1. Expressed as an acute angle from 0 to 90° and rounded to the nearest 10, what is the orientation of the C-alpha long axis of helix 172-183 relative to the principal long axis of the chain?
2. If you put +1 on each Lys and Arg Cβ and -1 on each Asp and Glu Cβ, how big is the dipole of segment 184-250 around its Cα centre, in Debye rounded to 20?
3. Can you tell me, using C-alpha contacts under 8 Å and at least 6 residues apart, the relative contact order of the chain as a whole percent?
4. Report the local net charge at ILE168: Lys and Arg +1, Asp and Glu -1, summed over other residues whose C-beta lies under 9 Å from its C-beta.
5. Taking square-rooted eigenvalues a ≥ b ≥ c of the alpha carbon gyration tensor, is segment 28-184 rounded, prolate or oblate, where a/c under 1.5 means rounded and, failing that, a/b exceeding b/c means prolate?
6. Round to the nearest 10 and give me the degree value, 0 to 90, for the angle of helix 2-28's Cα axis relative to the longest principal axis of the chain.
7. List every residue whose amide H lies under 5 Å from the amide H of THR142, counting only residues 5 or more places away in sequence or on a different chain, with H placed 1.01 Å from N in the peptide plane.
8. In the chain, if the dipole is taken from +1 on Lys/Arg beta carbons and -1 on Asp/Glu beta carbons about the Cα centre, which of ASN314, PHE193, ILE33 is farthest to the positive end?
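Each reported figure results from applying straightforward, stated rules to the coordinates on display, with no laboratory input. Here the structure is a predicted model, which is why all the values come from computation and not from measurement. Here the Cβ positions follow ideal geometry from the backbone for every residue, glycine too, while neighbour counts run over all protein chains shown.
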Amino acid sequence: MKSITKGSLIFIGLILTLSFFIGCTTEEKKTIIFADPGWDSVQLHNEVAGFIAIHAYGYDSWQQITGTTPVTHEGIIKGEIDVHLEEWTDNIASYTADRDAGKLKEMGVNFDDNMQGFYVPRYVIEGDASRGIEASAPNLKTVQDLALYPDVFQDPENKTKGRIYGSIPGWEVDTIMFNKYKYYGLDENFIYFRPGSDAALAAAFTSAIDKGQAIVGYYWEPTWLMGLYDLVLLEDAPYIDEESYMAGKTECPAVVCTTAVSNAFYEKDPAFCNEFVANYKTSSALISEALAYMSNNNASAAETALWLMKTYDNLLDLWLPEDKAALVRQAL
């Protein structure tokens with residue numbers, strides 16, 4: 001009887017010990033979830049942050065949830081997404097109200113030196129002797145000047161009018177650019193064409209540029225397109241106030257692209273949020289260069305993230321505490 005009791009106790013002890021270690025292992029295995037609104041720059045940010053999360057903060061893995069700008073923003077609010085590294089605040093109508101209401105935590109500014117608006121390839125204005133392209137709109141300087149050139153930017157489906165490529169449906173700036181199109185009277189001789197996605201918009205630009213054709217459309221920085229091609233932002237009236245801007249009467253001011261985390265994630269890992277996310281800052285020029293590297297070298301976002309951290313090693317000291325930066329360098 002004593003022998004059976006003793007054996008039972010040993011068995012129970014082993015089970016409890018095993019359960020403890022299994023529980024610890026499960027607890028240690030963490031996954032961090034990033035927002036992916038669908039464009040290359042945020043995917044690059046996610047690769048950088050994911051690498052740092054694993055090698056400096058003990059995460060087991062990371063994932064990204066893909067969706068439209070409104071959907072990923074809502075994911076942060078609901079706690080379905082942990083971190084958003086590129087919140088284009090002007091393209092989310094409710095962003096300021098959501099932030100001020102405490103529905104998410106804004107950690108910092110990723111970059112605010114970006115531009116957006118209507119762009120044309122430089123050869124449209126200046127020509128390109130190396131490609132045998134003559135300037136088709138030599139006096140084009142401002143958005144208003146487009147009214148002189150509907151024949152240059154001919155719509156392929158309605159050759160009596162020109163085509164202006166608008167922004168992405170669902171983005172707040174699309175309404176602004178459409179208002180601009182109407183404010184300058186461009187609706188008389190141009191069609192405002194909305195591409196279905198940023199991929200479709202990029203394809204329209206690359207196809208035209210590869211053929212040396214004229215194209216005008218909305219675009220933004222930073223993007224691989226800006227790093228790879230020489231595009232000119234058409235000038236506009238200086239920014240005055242929000243009301244005039246929303247009506248399309250002025251230039252687009254640089255958009256403040258913030259980093260944000262869900263309230264639930266902040267409570268779960270304040271160190272990652274405060275030590276890294278709050279300090280994660282880049283620039284339009286830097287990211288455009290990285291995205292051009294990605295395109296030129298047919299590199300993945302993961303490969304480009306490694307290239308970025310190795311090429312601009314000093315960024316690690318700006319983003320991370322000294323001990324965490326050392327861990328990342330060791331992993332690199």
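1. 10
2. On the way: 3 positive and 11 negative charges, 69 e Å.
Value, rounded to 20: 340 debye.
3. Values: 557 pairs, mean separation 81.9, N = 332.
With pairs under 8 Å counted, the relative contact order is 25 percent.
4. On the way: positive: ARG194; negative: ASP174, ASP198.
Every neighbour counted, the sum reads -1.
5. On the way: a/c = 3.06, a/b = 2.03, b/c = 1.50.
Prolate shape, in that a/c is at least 1.5 and a/b is the bigger ratio.
6. Rounded to the nearest ten degrees, it is 20.
7. Excluding prolines and chain starts, which carry no amide H, the hits are GLU235.
8. Checking the options against the dipole of the chain, the answer is ILE33.
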